[in-house]
């Protein structure tokens with residue numbers, strides 16, 4: 001059993017002893033702590049109503065966890081807007097639409113079915129920053145919460161926000177429904193039997209897609225394969241796309257904030273290139289800046305500079321990317337795992353807006369999906385890690401690496417990133433495991449692996 005407490009939320013496996021998994025007692029404890037933070041942060045008097053939006057993905061434990069969360073929130077005098085089965089970006093949008101004081105999404109994202117989590121949002125529908133996240137953990141650790149008297153119990157209102165989210169996507173000025181409809185696209189989708197199966201078919205029909213080939217769109221939480229949308233997990237959708245002559249395929253994770261794309265020939269568009277392609281389309285219509293995290297492909301920088309914009313790198317983590325986007329007025333940004341953040345809609349990773357913008361781009365390009373992909377700078381990322389022995393001074397090792405490569409451009413806002421003229425390597429210590437993650441990118445897989453191994457050997461010589 002596993003329970004991981006971090007500033008971005010609480011995630012763990014279902015069952016086990018309290019404190020060792022995401023048990024009902026742990027769920028109550030952290031929900032109450034978050035509700036306390038929300039009330040304290042709301043600026044409202046004790047007698048004023050506080051409102052939290054609650055949504056969930058389709059995993060098996062969702063109904064059970066939802067009942068506990070609702071009971072806890074109403075027991076603390078919090079009003080709940082229950083939007084039930086909903087994507088993470090849908091909950092984010094609902095928070096602002098409802099003028100709520102916060103939000104909770106019950107999802108463990110790409111983790112397997114035995115996992116669930118409480119993702120926590122502020123009143124802007126964005127994830128908590130480091131300071132606020134630590135406050136929530138402190139409240140939980142010290143049982144610093146109080147439940148309401150019977151006359152002050154919270155109320156529950158049930159709403160469906162799926163169509164509201166879709167309509168907001170459709171209204172974006174750079175989403176061209178007529179251009180998409182004119183192409184008579186056939187689109188395949190794999191929604192891993194979660195909430196994508198509720199929303200993607202509706203979105204694609206509204207966008208004018210001629211034919212939709214649906215794989216695993218029953219929201220029953222029984223994931224048919226590993227739910228992280230990586231190439232090794234997408235062999236079936238790849239075959240279906242090619243065999244049924246679809247123009248493109250879209251794959252989402254259980255909470256639909258990540259988007260993977262499959263070309264018409266069954267090859268992978270590449271998760272790093274989801275953001276690159278959408279940014280290329282946005283920037284071809286509007287000059288502006290972009291942002292992604294330090295571990296994302298250099299291809300976004302290349303595309304941004306080609307269009308006359310400025311690229312900015314942020315520390316890893318959605319909250320860090322959002323902060324950097326705001327500080328640098330970025331008009332498009334996200335993460336290399338297929339996460340698109342388009343501020344015109346909201347500041348959160350959103351596969352729905354990614355699909356709508358990508359289909360518009362594809363329809364206007366006059367190219368096939370694979371031809372579009374071939375037009376972008378070619379990079380390869382090698383992802384590795386080094387397991388550490390107890391007591392090793394990781395910060396000391398990273399400092400030595402900085403000294404060793406001081407003649408190169410170094411970014412140390414999150415670990416150490418070394419930018420060489422034609423490639424880069426990024427070293428980060430994990431907050432949850434005794435490992436150093438080492439990502440290296442170059443213009444060939446061979447060179448990326450070679451660079452990663454070079455740095456790994458340097459680190460081992462320092463241990």
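Quick check on my filter: what residues within region 22-53 are touching a strand residue (DSSP E or B) at 6+ places or on another chain (Cβ under 7 Å) and at pLDDT below 95? Listed by number, the residues that qualify are 42, 44, 49.
Okay, residues lined up against (1) outside the structural domain of residue 87 (by TED's automatic domain parsing); (2) surrounded by 13 or more Cβ atoms within 10 Å (Cβ to Cβ); (3) in contact with a strand residue (DSSP E or B) (Cβ under 8 Å, 6 or more places away or on another chain):
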| position | (1), (2), (3) |
| --- | --- |
| 122 | no, yes, yes |
| 126 | no, yes, no |
| 131 | no, no, no |
| 136 | no, yes, yes |
| 141 | no, no, no |
| 144 | no, yes, no |
| 150 | no, no, no |
| 153 | no, yes, no |
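Every condition in (1) touching a residue at least 12 places away in the same chain (Cβ under 8 Å); (2) over 17 Å from the mean Cα position of the chain (by Cα) is met by residue 191 except one, and the failing one is (2).
Can you pull out every residue in region 207-241 that is in a helix (DSSP H, G or I) and surrounded by fewer than 16 Cβ atoms within 10 Å (Cβ to Cβ)?
Taking region 207-241 as the starting set, the residues that turn out to be in a helix (DSSP H, G or I) are 231-233, 235-241.
Across region 207-241, the qualifying residues are 231, 232, 235, 236, 239.
Considering region 161-172, and only residues there that are surrounded by 14 or more Cβ atoms within 10 Å (Cβ to Cβ) and part of a loop (DSSP other than H, G, I, E, B), the residue that is nearest to the chain's Cα centre (by Cα) turns out to be 161. Just to be sure before I move on: is residue 389 outside the structural domain of residue 258 (by TED's automatic domain parsing), out of contact with any helix residue (DSSP H, G or I) (no Cβ under 9 Å at 6 or more places or on another chain), outside any helix (DSSP H, G or I) and modelled with pLDDT of 95 or more in the structure I sent? When the stated conditions are applied, residue 389 does not pass them. Among the candidates 44, 51, 66, single out the residue that is out of contact with any helix residue (DSSP H, G or I) (no Cβ under 8 Å at 6 or more places or on another chain) and part of a strand (DSSP E or B). Result: 51 is the single residue among 44, 51, 66 that is out of contact with any helix residue (DSSP H, G or I) (no Cβ under 8 Å at 6 or more places or on another chain) and part of a strand (DSSP E or B).
Only residues that are over 14 Å from residue 107 (Cα atoms) and either at pLDDT 95 or above or in a strand (DSSP E or B) (or both): list them for region 4-14, please. The answer is 5, 6. For residue 353, state whether it is in contact (Cβ under 8 Å) with a residue 24 or more places away in the chain, crowded, with 24+ Cβ neighbours inside 10 Å and in a helix (DSSP H, G or I). So residue 353 fits the description; yes.
Being buried (at least 20 other Cβ atoms within 10 Å of the Cβ) and closer than 21 Å to residue 253 by Cβ is the requirement here; does residue 73 meet it? Walk me through how you get there before you give the answer.
Numbers: buried (at least 20 other Cβ atoms within 10 Å of the Cβ): yes; closer than 21 Å to residue 253 by Cβ: no.
Answer is no for this residue.
The values are calculated or read from the model by the stated rules, or taken from the named source; none is laboratory data. Computed from a prediction, not measured in an experiment: that's the story for all the values here. Cβ sites come from the backbone with ideal geometry, for glycine too, and all protein chains shown count toward neighbours.
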